[in-house]
Each structure stands twice: as structure tokens, then as C-alpha cells.
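A quick write-up on the structure given underneath.
Every number in this text was worked out from the coordinates using simple rules, so none of it is lab data. Owing to the predicted nature of the structure, the values given are computational and were not obtained by experimental measurement. Cβ coordinates were reconstructed from backbone atoms using ideal geometry, including for glycine residues, and neighbour counts include every protein chain displayed.
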Amino acid sequence: MIAIATDDIDEHQARLERIVADLLAEARRQGASAAEATASTGAGLETRVRLGAVETLEHTRSNGLGITVYMGNRKGSAGTSDLGPAAVRDTVAAACAIASHTQEDPCAGLAAPQRMATRIPDLDLFHPWELQVETAIDLALECEEAARTADARIVNSEGADVTSHTGVHVYGNSHGFIGGYPSSRHGVSCAVVGREGASMQRDYWWSSARCAGDLEAAAAVGRRAGERTIARLGARQISTRKAPVLFDARIAAGLMRHLVHAVTGSSLYRRESFLLDQLGQEIFPDFVCIYEEPLLPRGLGSAPFDDDGVATASKDLVAGGVLRRYLLDAYSACRLGMETTGNAGGVHNLRIEMGALGKDKLIREMGTGLLVTELIGHGINPVTGDYSRGAAGFWVEGGEIRFPVEEVTIAGNLKQMFRGLLAVGNDCDFPGSTRTGSWLIDRMTIAGE
């Protein structure tokens, strides 16, 4: 067992806080007008089995520190995996040297001091798993065995994985802020291949959680991977048409991530977003509400402060279908003439208000159309919102699944797709920091035979 133990966590965090303080002091000594620094340490175990045999077994340990210095409005950054005193001096010197060669940027600098997190709440993110190597192997074998025996048509395996990681992260800046917290993340996953006649398909399933006790059972993960693979056998193309599309909940989470990218500060100040100048405008039907919940206990995306040290807080991104705010860090907020929203480093735990219908009822509601369970490729234009992806899933007629579908392309425009959202299901059953049910879109082009 290689995880950072609960008894040692305070010692690790205190050491990292001292290193961050040393980095900031050294930056001042070398002439920086302001600075911010991070230090982290982590440990983990990764196990993979394939076809009943151990394929990889890896213990990991990682350290890292980074420093960003500001010489007025000039910025330089450097990092290292060495936490020793000499590395602190050398890394700061490298950052200062870089800053001396960069152009001045009036927005380069720290977030406002009054926005720093003054309290670090306990978000219950640290649950080390007393995972022995033998136990990890047994769980991975159990997971793969459940997948391979789910059906006689399962003929091969891409393997099953069991992973566990614990770590501590500390951030500080020259406003006097230094804060940190420990976290853990554990997972089980499996992917298998099925065959029926000339048709071969693969699919997978996984479970991820802060606490090992919250993981789906290894055998259940494997069975679901096997069942998902078997369901895709016999897939075929359909002819080109326009029809409603139901995005499986796991796939619909990707649509929410496209929304996030479009309203992130860097996309906006570079004018590379299809949602430019849409703040305060209706971009979804009025039943749609989307929230960020960074202080969610045990949340996979939870954090008490962002990468600028700014305190995080729950907020609406979309309410009543209207875009209520952008997602900004200190730099992008300055570029846009706005205030940071505490989103340096990204969004933390995004959730859409789910409706009353499960997937089966959404399928009946759709009547005839395509249920999408896999997307292929990255055919998205972030500037125009044009959307074209390879897809696989199931054709639905009369409110029932008729047969699996593959080798089709679905196309539309994200702005129109958002406005054409008819319903959000309540069938969120997958792990992740983006929580949504299935999305029923009124109409898209489906290109097939």
C-alpha cells in the first residue's frame, strides 16, 4: 500500500506550505514585485489485468513545484519536480529570467487580495484506500471476469484497471495567502470486445470516486461493460435523414463541456466562442438551469479555492434558459473588464437541473430517432458552433429501440442544438464532475448510407 496515510497528511501539507513560503520569499529576494507558487506531492497504485493475467502493476510517486513571478507587468513561470532548497532558488531564478524577456501585459498579475479565500472548508475529499497489491489484482480480475462471462459472445478483452491516488496541493501568493488541501481519487474500469458473425464491437464502463466505499462493485462494473458491448452487436448504417437525437447522459455531459468552453474567459477575450456577447441572453429553453457546485462534499471537481487563490462559491451559469455569467479567472476578467468568477483552472462540479423522465420514457417521448451512445472525432468549430461528429447508438421507432447503429455522422449547430433541447432526463448514472441526464434534441441531420 503506497497511499499517503491519514496520520501523515498534516505533516506533508505543512512541509509543502513551508516550501511555498520559501518560493515566495526567494521571489521577493530576487526582485519580483509579486509572485504565486504551488507545491504538490502524490502517491498511487495502478493495476491492469488482461485475459486473466496481470499486465501492468505500477507504483507512482510524484512531487512538483511551480513559481510565477511578476516584474511589474512582465511575467515568467518555471517548475521542477525537485522540492529541495537549491531547486527553489534555481526555479525562481529561471522564472525571473523569463520575466525579464517577456513583453509587458497590463493584465499580468495576481487576483485582488480581497478575493482570496479566507477560510478553507473541509470538503471531505481525502479518503486514502488501504489497498494492497494483491487486493488490487483480485479486484481487477473480478471485474474482467464479470465482463468476459456476461455473455458467450464476449471474445476478447482490452483489460480491467484498478487505480488509487492520494495527494496534497498547496497554493500561495504574495498577498500573504497560503492554502492547501489533501485529496484522493480511486477507480475501477473495464473494456471488452464482442463478436457475432462478422460483427465485432467493443465498449466499456467505469466507476470513480473520492472514497473507495463509494465505488461501484468491481463485478458490477465488469458486467455493465459486457452488457454494453453485447448490445452493440449487429450494428448497421441507416440512410441519411433529419430526425430527433437523444444523447445518452454520458454523452450529453460532453455538450455541457462545449458550453463551458464557449463561456470561458480565454475563449471570449480571444473572440473564439460561438456565445460571444450572449451574457444575459436566452441560449436554452426556459426550463434549463445549470449550476456550478465547487463546495460539494466528496465531489470529483470540488475545490475550496481556484488556481488564483480566489474563494469558490456555488453559482448559476444558466437560469431560466438565460446565460447568467461567464467563467473567468483573474487574467481573463481583466481582459474583459469584468471581475473574476473564481474559475482559474476550470469549472468545479457542473450540474444541470434534471427532469422527471428516465431514459426509457425519453425514448418513448422521442418516438422515432437516434439514441447516441458514442461519439467519434472532434468536428466542432468553437467560433461558429458548427457540430459534426461520427456517432454510434441505437435506432428508435415507435418509442422502442429497434437495432444498433454505427458509422453515421450527426450534424448541427450548438446554438441551435441548445435552443432545440426538448427535455433532460433524470438518468444520470455515471461518475464525473459534470452531472446530467440524457438530452433530447428536436432535430439534427444524420448522415448515413
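Tabulated results
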{"read-out": "Share of alpha-carbon pairs per 5 Å distance bin for the stretch 115-172, given as whole %", "value": "3, 13, 17, 14, 12, 10, 9, 8, 7, 5, 3, 1"}
{"read-out": "Contour excess over end-to-end distance, with Cα ends at ASN73 and THR368 and 0.36 nm allotted per residue", "value": "100.4 nm"}
{"read-out": "Computed [θ] at 222 nm, deg cm²/dmol, the chain (DSSP H ≥ 4; -39,500 (n - 2.57); rounded to nearest 500)", "value": "-7500 deg cm²/dmol"}
{"read-out": "Evaluated over the stretch 259-336, the Cα radius of gyration and Dmax, each in Å", "value": "13.1, 35"}
{"read-out": "Length added when fully stretched, THR384-CYS211, from 0.36 nm per residue minus Cα-Cα", "value": "58.2 nm"}
{"read-out": "The stretch 184-314, relative contact order in percent, only Cα pairs under 8 angstrom and at least six apart counted", "value": "18"}
{"read-out": "Amide H contacts under 5 Å for GLY367, placed H, 5+ residues apart", "value": "GLY399"}
{"read-out": "Karplus 3J(HN,Hα) series, Hz, for the stretch 232-238 with 6.51 cos²θ - 1.76 cosθ + 1.60 (x for Gly, Pro)", "value": "8, 5, x, 5, 9, 7, 10"}
{"read-out": "Protection proxy ranking, peptides 9-20, 320-331, 116-127, average beta carbon neighbours within 10 Å, highest first", "value": "320-331, 9-20, 116-127"}
{"read-out": "Gap separating the Cα centres of the stretch 33-71 and the stretch 294-367, nearest whole Å", "value": "26"}
{"read-out": "Convex hull volume per residue in cubic angstrom - Cα atoms of the chain", "value": "151"}
{"read-out": "Residues of the stretch 382-424 with amide N under 19 Å of the 7 Å Cα→Cβ point at ILE376", "value": "387-396, 403-412"}
{"read-out": "Peptides ranked, highest mean first, by Cβ atoms within 10 Å: ranges 389-400, 178-189, 253-264", "value": "178-189, 253-264, 389-400"}
{"read-out": "Inter-probe distance in nm under a simple model that places probes 7 Å from Cα toward Cβ, at VAL193 and GLN103", "value": "5.1"}
{"read-out": "Taking the stretch 6-231 and dividing mean pair separation by its residue count, relative contact order in percent (alpha carbons under 8 Å, at least six apart)", "value": "22"}
{"read-out": "The chain: relative contact order as a whole-number percent, Cα under 8 Å and 6+ apart", "value": "15"}
